[in-house]
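Undergrad: Pasting a structure here, questions to come.
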Amino acid sequence: MRGAAAIVLLPEATDGTRWEVTKVARWVDPRRVLIIVPDPELRPLGYARIQALTAETLPIPLPSDCGKADAFMFDAQGRPQPIVFGRRAKAALRPFAEQVLRLDLAQVASA
């Protein structure tokens, strides 16, 4: 987990997922983490369960009221940034992929 270029979570509100998200929050740079969530507009109860899970496990939880979102990436301070896939999921994920690549390039440059 610590050496992964990126971590993609599709969490459920279970003890196993709680453990996993806690370890990710402790060991992984938040800029390397992507959390796929139920769309809060379409599945508000499913999103509420994941939001409650992150409130227990992340330094900065997912927002309780965020409008439409399919996933969240995180900035350097661990603040969640919503991502909406729409019809162009590949384009929507580009900022996350670029962020991870910049981190990898910075790591190589400092080695």
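Undergrad: Could you say which residue among D75, D39 is in contact with a strand residue (DSSP E or B) (Cβ under 7 Å, 6 or more places away or on another chain) and closer than 25 Å to K23 by Cα? Quick ask: steps written out before the conclusion?
TA: Values: D39 fails: in contact with a strand residue (DSSP E or B) (Cβ under 7 Å, 6 or more places away or on another chain).
The conditions single out D75.
Undergrad: Give me a count of the residues in segment 1-17 that are buried (at least 16 other Cβ atoms within 10 Å of the Cβ) and more than 14 Å from L62 (Cα to Cα). Steps first, answer last, please.
TA: Filtering segment 1-17 for residues buried (at least 16 other Cβ atoms within 10 Å of the Cβ) gives 6-7, 9, 11, 17.
From what's left, more than 14 Å from L62 (Cα to Cα): 6-7, 17.
Summing the residues that are buried (at least 16 other Cβ atoms within 10 Å of the Cβ) and more than 14 Å from L62 (Cα to Cα) in segment 1-17 gives 3.
Taken together, the values in this text are just the output of simple stated rules run on the coordinates, not laboratory data. Bear in mind the structure is a predicted one, so any value in this text is a computation, not a measurement. Cβ sites come from the backbone with ideal geometry, for glycine too, and all protein chains shown count toward neighbours.
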